[in-house]
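Inspection log for the structure reproduced underneath, given as structure tokens.
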Amino acid sequence: MSKANFLPGNIGLAPMAGVTDYPFRKLCLQHGAYFAFTEMISAKSVIINVKINEIYFPRQDEKDRVGVQLFGSDYAELSEAAAIVQEKGLWVDLNAGCPVSKVIKKGAGSALLKDLGEFRKVVRAMRSVLKRFTVKTRIGWEKDEFEKIYNILLEENVDAVFVHGRTAKQMYSGKATWKIYNPGFVPLYISGDIYTKEDIKNAMEQSGATGVIVARGSIGNPWIFSEIGEPNCEQRLCTILKHLEYLYDEYKDYGAVVFRKFVAGYTKNMLGARDFRDKVMKIRKLEELSSEFQKFFYENCYKQGFRKEQKISDILNQTCGN
Ligand SMILES: Cc1cc2nc3c(=O)[nH]c(=O)nc-3n(C[C@H](O)[C@H](O)[C@H](O)COP(=O)(O)O)c2cc1C
């Protein structure tokens, strides 16, 4: 029998450092993601100064749907940080998957999988202080050891497991496997190479997982979470303008720089996208970015059959609502 699942649904936004900030989480949650994670936060830095990490923590309006992901290597440190986070009423996820060299050099992220005995100690220590505790892992350090990892997580009674179907050594090369060990005793969410709704279906079928978490496939494409079909040109523009608005609320004009990593995704397969990207990557004001996107989308949408006499403001009023 599988244990009860506190997560509110089967599709979530995966944790991504530098991407899953409050504005992007808010957008994805509005577009149908049931839950999300913060960017990974260092356990050590939470202990030293929790205040400077406040900007990374979930906000009031998303509190029950966003997990705080901690990374670290020392079980005492990780459990102390976890207790601090829990005080705020938040759930905690352990990062046991990051393969980036500056993280693994310190024995954190996927380096926790090098010695599964030590890994168990970390998981046990965190579990002992946490009410809601999940772990995000890879299938192994250099070979597929997911059966062992799964059994440790099951025995240590974690609430849910998120698994990226690659070893740490693989980094992002090759294809992620969705055929993983999954006897179904603990809620399990699969991650890796999920870019379309078809991928979601196939990953769920092949893994028998409870659900999926989407990372790269959501960048500039929050519609991957929605149950309705592909958005039309106007709906796409509305989402982009919303994203820009949330970025402004969070960062003021620095949001224009933060937005750059989303531009390619938002303009994928559009006519003239290459020139447009070159132009907007230099913009440093969100208002200017917004007006460039409106012009560009108007041109593209018009080519897709808009009536010429329609004004962009009318289109936005009709489609974006509010
Ligand atoms: C830019 C970027 C940042 C990431 N940061 C994190 C992170 O902070 N914590 C984590 O557990 N995984 C992180 N990941 C891994 C993803 O959550 C995910 O497991 C991986 O990218 C595979 O899924 P995908 O093929 O859908 O991208 C990151 C991935 C990317 C691309």
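The values are calculated or read from the model by the stated rules, or taken from the named source; none is laboratory data. Given the structure is predicted, the values throughout are model-derived calculations rather than measurements. Reconstructed Cβ throughout: ideal geometry from the backbone, glycine too, with neighbour counts over all protein chains shown. Just the protein is used for accessible areas: all its heavy atoms, side chains included, with ligands, DNA and RNA removed. Shrake-Rupley method; radii C 1.70, N 1.55, O 1.52, S 1.80 Å.
Taking segment 218-322 as the region of interest, the helices (runs of 4 or more DSSP H) fully inside it that hold 3 or more residues being open to solvent by 40 Å² or more (accessible area, probe 1.4 Å) and modelled with pLDDT of 95 or more are 233-251, 260-266, 273-280, 286-303. Residue selection: residue 190 fails the criterion of being in contact with a Ser or Thr (Cβ under 7 Å, 6 or more places away or on another chain), more than 28 Å from residue 130 (Cα to Cα) and near the ligand (Cβ under 10 Å from one of its atoms). Residues that are in contact (Cβ under 8 Å) with a residue 40 or more places away in the chain, under 11 Å from the mean Cα position of the chain (by Cα) and assigned to a helix (DSSP H, G or I) do not occur anywhere in segment 59-74. Filtered by the rule that a residue be open to solvent by less than 30 Å² (accessible area, probe 1.4 Å), within 13 Å of the ligand (Cβ to nearest atom) and part of a loop (DSSP other than H, G, I, E, B), segment 4-32 gives 14, 15, 16, 19, 20, 21. Of all residues in segment 260-289, those that are within 19 Å of residue 238 (Cβ to Cβ) have Cβ atoms under 9 Å from Cβ atoms of residues that are of a type in the set (Asp, Glu), 6 or more apart or on another chain, in 276/292; 280/288; 280/292; 286/245; 286/253; 287/253. Take the conditions part of a helix (DSSP H, G or I), charged (D, E, K, R) and more than 20 Å from the chain's Cα centre (by Cα) and apply them to residue 205. Does it pass? Yes: the conditions hold for residue 205. Only one of the numbered conditions (1) open to solvent by less than 40 Å² (accessible area, probe 1.4 Å); (2) part of a helix (DSSP H, G or I) is not met by residue 212, and that is (2). Within this structure, residue 148 fails the test of being under 25 Å from the mean Cα position of the chain (by Cα) and in the same structural domain as residue 68 (by TED's automatic domain parsing). Residue 35 meets all of the listed conditions (1) touching a Leu at 6+ places or on another chain (Cβ under 9 Å); (2) open to solvent by 40 Å² or more (accessible area, probe 1.4 Å); (3) aromatic (Phe, Trp, Tyr) but one, namely (2). For residue 158, the conditions (1) open to solvent by 10 Å² or more (accessible area, probe 1.4 Å); (2) assigned to a loop (DSSP other than H, G, I, E, B) are fulfilled apart from (1).
Within the set 101, 79, the sole residue that is touching a helix residue (DSSP H, G or I) at 6+ places or on another chain (Cβ under 9 Å) and polar (S, T, N, Q) turns out to be 79.
Condition check: closer than 24 Å to residue 84 by Cβ, out of contact with any strand residue (DSSP E or B) (no Cβ under 6 Å at 6 or more places or on another chain), away from the ligand (no atom under 16 Å from the Cβ) and open to solvent by 60 Å² or more (accessible area, probe 1.4 Å). Does residue 48 satisfy that? For residue 48, the condition - closer than 24 Å to residue 84 by Cβ, out of contact with any strand residue (DSSP E or B) (no Cβ under 6 Å at 6 or more places or on another chain), away from the ligand (no atom under 16 Å from the Cβ) and open to solvent by 60 Å² or more (accessible area, probe 1.4 Å) - is met. Which members of segment 33-58 meet the condition of being assigned to a helix (DSSP H, G or I) and within 18 Å of residue 135 (Cβ to Cβ)? Passing the criteria: 43, 46.
For (1) touching a residue at least 60 places away in the same chain (Cβ under 8 Å); (2) under 14 Å from residue 75 (Cβ atoms); (3) open to solvent by 60 Å² or more (accessible area, probe 1.4 Å), each residue gets a yes or a no:
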| site | (1), (2), (3) |
| --- | --- |
| 89 | no, no, no |
| 97 | yes, no, no |
| 102 | no, no, yes |
| 113 | no, no, no |
| 134 | yes, no, no |
| 140 | no, no, no |
| 145 | no, no, no |
| 152 | no, yes, no |
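The test for being within 15 Å of residue 69 (Cα to Cα) and in a helix (DSSP H, G or I) holds for residue 127.
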